[in-house]
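First up is the structure itself, then whatever we jot down about it.
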Amino acid sequence: MKTLGITLIVLGLIAMIYTGFTYTTKEKVVDLGPIDINKEKKHTVYWPPVAGLVLLIAGGLVMIVDKKK
């Protein structure tokens, strides 16, 4: 249980510091025989900082419950 609590706390801190990430995909625009034209498209994924706070609190609660046992 202690490992789960520490993991949730670390994930919560990371989620609060980094509120999202960006990744790039390649999309084929034109395909004319030997000629290929590709386009890179960026996608961004965001999550609210409150999600990190919830993970942080859940990790703290797990640590407290584990100490009481």
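Nothing in this text is a laboratory measurement; each read-out follows from the coordinates by a stated rule. Bear in mind that the values here come from a model prediction, so they are computed numbers and not experimental data. Don't worry about glycine lacking a Cβ; one is built from the backbone with ideal geometry, like all the others, and counts go over all protein chains shown.
Of the trypsin sites (Lys or Arg not before Pro) in the range 21-52, not one is in a loop by DSSP (not H, G, I, E or B) with at most 11 other beta carbons within 10 Å. Straight-distance candidates among the lysines for linking to LYS67, with alpha-carbon spacing under 16 Å and chain neighbours fewer than 8 residues away dropped: LYS2. State the label only: which of [x] 1.13; [y] 0.94; [z] 1.40 corresponds to Rg/Rh (Cα atoms, Kirkwood Rh) computed from the shown model? Only one option fits the structure, namely [z]. Here the simple spin-label model places points 7 Å from the Cα toward Cβ, and for MET1 and ALA51 these points are separated by 2.8 nm.
By the helix-only formula, in which each DSSP H run with n ≥ 4 contributes -39500 (n - 2.57) and the sum is divided by residues, the chain has a 222 nm mean residue ellipticity of -17500 deg cm²/dmol. Restricting to DSSP loop positions (anything but H, G, I, E, B) with no more than 12 other Cβ atoms inside 10 Å of their own Cβ, which chymotrypsin sites (Phe, Trp or Tyr not before Pro) remain in the chain? Within the chain, the qualifying chymotrypsin sites (Phe, Trp or Tyr not before Pro) (loop, at most 12 other Cβ atoms within 10 Å) are TYR18.
Which residues in the range 31-50 place their backbone N less than 17 Å from a point set 7 Å from the Cα of TYR23 along the Cα-to-Cβ direction? Within reach of a label on TYR23, which here means backbone N under 17 Å from a point 7 Å along Cα→Cβ, the range 31-50 contributes 40-47. Can you spot the lysines whose alpha carbon is less than 24 Å from LYS39's alpha carbon? Ignore those fewer than 8 places along the same chain. Cross-link targets: LYS26, LYS28.
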